[in-house]
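Below you'll find the structure I mean.
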Amino acid sequence: MAKRYDEKAAGRFWTRRLKDTDPLSAVLTFDAPKSLNKAYDTWERQSLLSLLESSLTEEKALDLGCGTGRIALTLAARGAEVTALDVSEGMLAYVAKQARRQRVSSRVKCVPASSTAVPASDGTFDIVTCFGLLEHLPEAARRKTLLEAFRVLKRAGRLFAVINNTECVFLQRQYGLREQREDGYFVSLVGLEWLEAVAGRGRMRVWVRAANPFYALAHYYLYPHRELLFKSARDFERQCELAARCDLLGEFEKTFRDRVASHFLVEIRHGRSKKRR
């Protein structure tokens, strides 16, 4: 019988992790150099912003599993009224502190709650984001999280999520746990096919809006051989910056995208239709 997922233990894990490293490494790849995490963060946040209006002053947003507030604070900076939800008290305290520093605290509400039971009425939010959360939840909690996201999303609202590309040539490896670790950590691959199946049953439409094949090349191909390929750490940093810029252009062939990208940014909306990629 599978061990029951302990959200409180997960919250304590993420609080400890933030104390052990810098804010980006805490929520992205723990042992990666800052240049790689910065490239990924740039791709993720800028890809999202490119899909949104320049002003979000009339929008209500929910950031599920907000972590250090990368997405919540980005949305607030554009004027959205943001609910930042997480099970980690340490992460929420950090978000509140950063909101004050960035002078957006009046637009950021930090809520300690589970993504499987969002304390909000049906159809509350214009925008729901779920970045870096689903892969850290076991299947049952992951499914409940999506159903909650569907529930609190307005009929004309938009849900944005980042998921793994399970077809990625670099992710064909051990990447997942059968059960939550004793320290509260859990991770597994979450692919597009699974997401589309859950969305379809919830009468939701799915589009792939962005992918990161150049980041994946930098992370999984160049980084392991960086001492042979680059003369200095700064040369590798420049390559990471270039990878982020190339991914943001989005001008790559679909087969290359689907075989090499490690992540997809997807948009989900109410209304049944054929899945679109």
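No lab work stands behind these numbers, since they all come straight from the coordinates. All of these numbers come straight from a predicted model, not from anything done at the bench. In this analysis, Cβ positions are derived from the backbone assuming ideal geometry, glycine residues included, and neighbour counts consider all displayed protein chains.
May I ask you to sort Cys66, Cys168, Cys110 by Cβ crowding, counting other Cβ atoms within 10 Å and putting the fewest first?
Working: Cys66 31, Cys168 25, Cys110 21.
Taking fewest neighbouring Cβ atoms as first place, the list is Cys110, Cys168, Cys66.
Next question. May I ask for log10 I(q)/I(0) of segment 194-277 at q = 0.15, 0.16, 0.23, 0.26 Å⁻¹, from a Debye sum over the Cα atoms as equal point scatterers with solvent left out?
-0.63, -0.69, -1.02, -1.16
Which of Val118, Val169, Gly250 sits closest to the plus end of the dipole of segment 117-260, meaning its Cα is farthest towards the positive end, when Lys and Arg get +1 and Asp and Glu get -1 on the C-beta?
Selected residue: Val118.
Let me ask you something else. Measuring from label point to label point, each 7 Å out along Cα→Cβ, what is the Thr166 to Asp122 span in nm?
Output for this residue pair reads 3.1 nm.
Could you work out the mean projected area of the convex hull around the alpha carbons of segment 126-253, in square nanometres to one decimal?
Details: hull surface 41.1 nm².
The directionally averaged projection comes out at 10.3 nm².
Something else now. Please state the shape class of segment 49-101: rounded when a/c is under 1.5, otherwise prolate if a/b exceeds b/c and oblate if not, all from the C-alpha gyration tensor. Intermediate results must be reported in sequence, preceding the final value.
Values: a/c = 2.29, a/b = 1.85, b/c = 1.24.
Since a/c reaches 1.5 and a/b is larger than b/c, the shape of segment 49-101 is classed as prolate.
Rounded, prolate or oblate: which fits segment 156-229, taking a ≥ b ≥ c as square roots of the Cα gyration tensor eigenvalues, rounded meaning a/c under 1.5, else prolate when a/b beats b/c? The partial results should precede the final answer.
Values: a/c = 2.61, a/b = 1.43, b/c = 1.82.
Since a/c reaches 1.5 but b/c is at least a/b, the shape of segment 156-229 is classed as oblate.
Just for the chain, what percent of DSSP beta bridges are antiparallel, to the closest 5? Don't skip to the answer; put the middle values down first.
Working: 14 of 33 bridges.
In the chain, DSSP labels about 40 percent of beta bridges as antiparallel.
Quick check on the exposure proxy: order Val169, Val111, Val260 from fewest to most C-beta atoms within 10 angstrom. Walk me through the numbers on the way to the answer.
Values: Val169 12, Val111 15, Val260 22.
With the sparsest Cβ surroundings first, the list reads Val169, Val111, Val260.
Please provide three numbers in whole Å: the alpha-carbon extents of the chain along the principal axes, with the largest listed first.
55, 49, 43
Where q = 0.09, 0.11, 0.14 Å⁻¹, what log10 of I(q)/I(0) comes from the Debye formula for segment 61-196, counting one point per Cα?
-0.27, -0.41, -0.65
Which percent, nearest 5, of DSSP beta bridges in segment 30-127 are antiparallel? Don't jump to the answer; show the numbers that get you there.
Numbers: 0 of 11 bridges.
Of all bridge pairs located within segment 30-127, approximately 0 percent are antiparallel.
Read phi for every residue in segment 264-271 and hand back ³J(HN,Hα) as whole Hz from Karplus 6.51 cos²θ - 1.76 cosθ + 1.60, θ = phi - 60°, with x for Gly and Pro.
10, 9, 10, 10, 10, 9, 5, x
Distance from the Cα centre of segment 39-102 to that of segment 177-222, in angstrom?
20
While we're looking at this one, here's another question. If you take every DSSP beta bridge fully contained in segment 58-194, what fraction is antiparallel? Give it as a percent rounded to 5.
Values: 1 of 19 bridges.
Taking every DSSP beta bridge with both residues in segment 58-194, the antiparallel ones total about 5 percent.
In segment 31-64, whose amide N lies under 18 Å from the spot 7 Å out along Cα-to-Cβ of Asp235? List them in ranges.
Counting backbone N atoms under 18 Å from the label point, the list is 35-36.
For every helix of n ≥ 4 consecutive DSSP H residues, a contribution of -39,500 (n - 2.57) applies; sum these over the chain, divide by its total residues, and give [θ] at 222 nm rounded to the nearest 500 deg cm²/dmol. Could you put the intermediate results ahead of the total?
Numbers: 11 runs with 114 residues, N = 277.
One gets -12000 deg cm²/dmol as the mean residue ellipticity at 222 nm.
What number results when the radius of gyration of segment 1-125, computed over Cα atoms, is divided by 2.2 N^0.38 Å?
Numbers: Rg = 15.0 Å, N = 125, 2.2 N^0.38 = 13.8 Å.
For segment 1-125, the normalised Cα radius of gyration comes out at 1.09.
Same structure again: Using the Cα centre of segment 31-161 as origin and beta-carbon charges of +1 (Lys, Arg) and -1 (Asp, Glu), tell me which of Thr74, Gly157, Leu62 is placed farthest towards the positive end of the dipole.
Thr74
For a 31 Å ceiling on Cα separation, which of these pairs sit above it: Lys38/Lys231; Lys8/Lys60; Lys34/Lys154?
Values: Lys38/Lys231 21 Å; Lys8/Lys60 27 Å; Lys34/Lys154 37 Å.
Checking Cα-Cα distances, Lys34/Lys154 exceed 31 Å.
Can you compute the radius of gyration and Dmax for segment 1-67, using only the Cα atoms, both in Å?
Rg, Dmax (Cα atoms, Å): 15.8, 49.
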